[in-house]
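S.K.: This structure is in structure tokens; I'll ask about it shortly.
The values are calculated or read from the model by the stated rules, or taken from the named source; none is laboratory data. This structure is a prediction, so every number in the text was calculated from the model and none was measured. Methodologically, a virtual Cβ is constructed for each residue, glycine included, from the backbone with ideal geometry; neighbour enumeration extends over all protein chains shown. Each accessible area value is taken on the protein alone, full model and side chains, heavy atoms only, with ligands, DNA and RNA left out. Shrake-Rupley method; radii C 1.70, N 1.55, O 1.52, S 1.80 Å.
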Amino acid sequence: QVQLVESGGGLVQAGGSLRLSCAASGRTFSRHSMGWFRQAPGKEREFAAVISGSGDRSFYASSVKGRFTISRDNVKNTVYLQMNSLKPEDTAVYYCAADTNSYSTRAYDYDYWGQGTQVTVSS
């Protein structure tokens with residue numbers, strides 16, 4: 001069992017930056033690919049970024065590529081999402097998730113989810 005707790009959300013002006021953190025419980029953190037997803041009001045949850053268990057691979061949605069950076073610290077059992085050049089359309093609840101068996105962009109592949117953290121970007 002893995003428990004995930006996100007933090008770092010908030011209100012920021014367009015063009016600003018935020019860094020989200022996701023702290024994981026358990027001793028198997030490095031075995032899991034970790035993903036960040038987001039869900040805006042009235043929209044489906046969408047993929048943002050994924051990082052492999054070792055941290056040697058990462059992949060981004062086209063909407064965030066070049067602006068967001070995913071990273072992880074397997075000693076601290078934490079995954080991060082650095083978000084730069086934020087836009088109003090980045091406003092959403094951001095979720096981290098752990099994937100035991102794959103390196104995926106699909107939400108249904110993920111086994112464990114955090115409770116989410118709100119990011120609001122004002123214009």
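S.K.: Return yes when residue 48 is of a type outside the set (Val, Ile, Thr), closer than 23 Å to residue 17 by Cβ, in contact (Cβ under 8 Å) with a residue 24 or more places away in the chain and open to solvent by less than 10 Å² (accessible area, probe 1.4 Å) and no when it is not.
M.R.: On the way: of a type outside the set (Val, Ile, Thr): yes; closer than 23 Å to residue 17 by Cβ: yes; in contact (Cβ under 8 Å) with a residue 24 or more places away in the chain: yes; open to solvent by less than 10 Å² (accessible area, probe 1.4 Å): yes.
Yes; evaluated as a whole, the condition is true for this residue.
S.K.: Go through the stretch 20-54 and give me each residue that's among the charged types (D, E, K, R) and either under 20 Å from residue 3 (Cα atoms) or modelled with pLDDT under 95 (or both).
M.R.: Result: 27, 31, 38, 45.
S.K.: Being small (Gly, Ala, Ser) and without any contact (Cβ under 8 Å) to a residue 40 or more places away in the chain is the requirement here; does residue 71 meet it?
M.R.: Yes, satisfied.
S.K.: Moving on. Suppose we keep only residues that are of a type in the set (Asp, Glu) and not in a loop (DSSP other than H, G, I, E, B) within the stretch 76-123. Which one would you say is farthest from residue 53 (Cα to Cα)?
M.R.: 89
Conditions tested, residue by residue: (1) aliphatic (A, V, I, L, M); (2) open to solvent by 80 Å² or more (accessible area, probe 1.4 Å); (3) within 13 Å of the chain's Cα centre (by Cα).
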residue	(1), (2), (3)
9	no, no, yes
15	no, no, no
20	yes, no, yes
24	yes, no, yes
28	no, no, no
33	no, no, yes
44	no, yes, no
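S.K.: If you don't mind, another one. Scan the stretch 95-123 residue by residue and report those that are open to solvent by 80 Å² or more (accessible area, probe 1.4 Å) and in contact with a Pro (Cβ under 7 Å, 6 or more places away or on another chain).
M.R.: 123
S.K.: For the subset of the stretch 29-75 comprising residues that are among the basic types (Lys, Arg) and part of a loop (DSSP other than H, G, I, E, B), which member is farthest from residue 121 (Cα to Cα)?
M.R.: The first filter runs over the stretch 29-75 and keeps only residues among the basic types (Lys, Arg), leaving 31, 38, 43, 45, 57, 65, 67, 72.
Add one more test, that the residue is part of a loop (DSSP other than H, G, I, E, B), and what stays is 43, 45, 57, 65, 67.
Values: 43: 17, 45: 18, 57: 28, 65: 18, 67: 14 Å.
Only one residue fits best here, namely 57.
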